[in-house]
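S.K.: My questions will all concern the structure given below.
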Amino acid sequence: MSAKQKIDLLKTVQHILNLDPKMRFAAIIDSKGNIREAIMKAGKTSLKTQKEEEHFCKQVAQRRAMRKEFDKSLGKVRYVHVEREKVSQMVIYTKRNIVYFTMEPEMPINTKIRLITKIKKITADI
């Protein structure tokens, strides 16, 4: 991987985090579940350990593969939204990567949808 790609991914996750003050974490994950770039927003504390985060990202990639089984009958997944007590988790699939980001759970759903739309545009080419 070239340094330019690394810088672009870093700028991308920074851009995602800067979209809203309630954003917490953003990561770009490859198809095997390896974290290519990830940032926790300044002033926020992680709810998972580094090892848990890595394990979670591996599972996100596995779930993508499992969801593909239904692409023919149901269509491709546009995004995944998991609402938890402590955090909202979002996953967007790009051609080659997975964009995973979290935000505070009390954010209104219309704001979340607006963020998803913006992030899909930002990450369309990665």
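The values are calculated or read from the model by the stated rules, or taken from the named source; none is laboratory data. Remember, it's a predicted structure, so these values are computed and weren't measured experimentally. Neighbour counts are summed over all protein chains in view; Cβ atoms, including those assigned to glycine, are modelled from backbone coordinates with ideal geometry. In case anyone asks, the SASA skips ligands and DNA or RNA and just uses the protein heavy atoms, side chains included. Shrake-Rupley method; radii C 1.70, N 1.55, O 1.52, S 1.80 Å.
S.K.: I'd like the residue in the stretch 85-94 that is in contact (Cβ under 8 Å) with a residue 24 or more places away in the chain and assigned to a loop (DSSP other than H, G, I, E, B) and, out of all such residues, is most open to solvent (accessible area, probe 1.4 Å). Full working, then the answer.
M.R.: Just the residues of the stretch 85-94 that are in contact (Cβ under 8 Å) with a residue 24 or more places away in the chain, to begin with: 86-88, 90-94.
Add one more test, that the residue is assigned to a loop (DSSP other than H, G, I, E, B), and what stays is 86-87, 94.
Working: K86: 145, V87: 14, T94: 13 Å².
My answer is K86.
S.K.: Restricting the search to the stretch 97-124, which residues are surrounded by fewer than 11 Cβ atoms within 10 Å (Cβ to Cβ) and not in a helix (DSSP H, G or I)?
M.R.: Selection gives E106, P108, A124.
S.K.: So, one more: Going by the conditions given, is A61 surrounded by 13 or more Cβ atoms within 10 Å (Cβ to Cβ), of a type in the set (G, A, S) and touching a Gly at 6+ places or on another chain (Cβ under 6 Å)?
M.R.: Values: surrounded by 13 or more Cβ atoms within 10 Å (Cβ to Cβ): yes; of a type in the set (G, A, S): yes; touching a Gly at 6+ places or on another chain (Cβ under 6 Å): yes.
Judged against the criteria, A61 is a match.
S.K.: From the list R24, R78, which residue is within 15 Å of I119 (Cα to Cα) and surrounded by fewer than 14 Cβ atoms within 10 Å (Cβ to Cβ)?
M.R.: Only one candidate passes the filter, namely R78.
S.K.: Looking at K68, K112, which one is more than 15 Å from the chain's Cα centre (by Cα), farther than 20 Å from I35 by Cα and of a type in the set (D, E, K, R)?
M.R.: Selected residue: K68, the only one of K68, K112 that is more than 15 Å from the chain's Cα centre (by Cα), farther than 20 Å from I35 by Cα and of a type in the set (D, E, K, R).
S.K.: Residues that are closer than 17 Å to T123 by Cα and out of contact with any strand residue (DSSP E or B) (no Cβ under 8 Å at 6 or more places or on another chain): which helices (runs of 4 or more DSSP H) entirely in the stretch 1-84 hold 3 or more of them?
M.R.: Numbers: elements: 3-17, 50-67, 71-74.
Output list reads 3-17.
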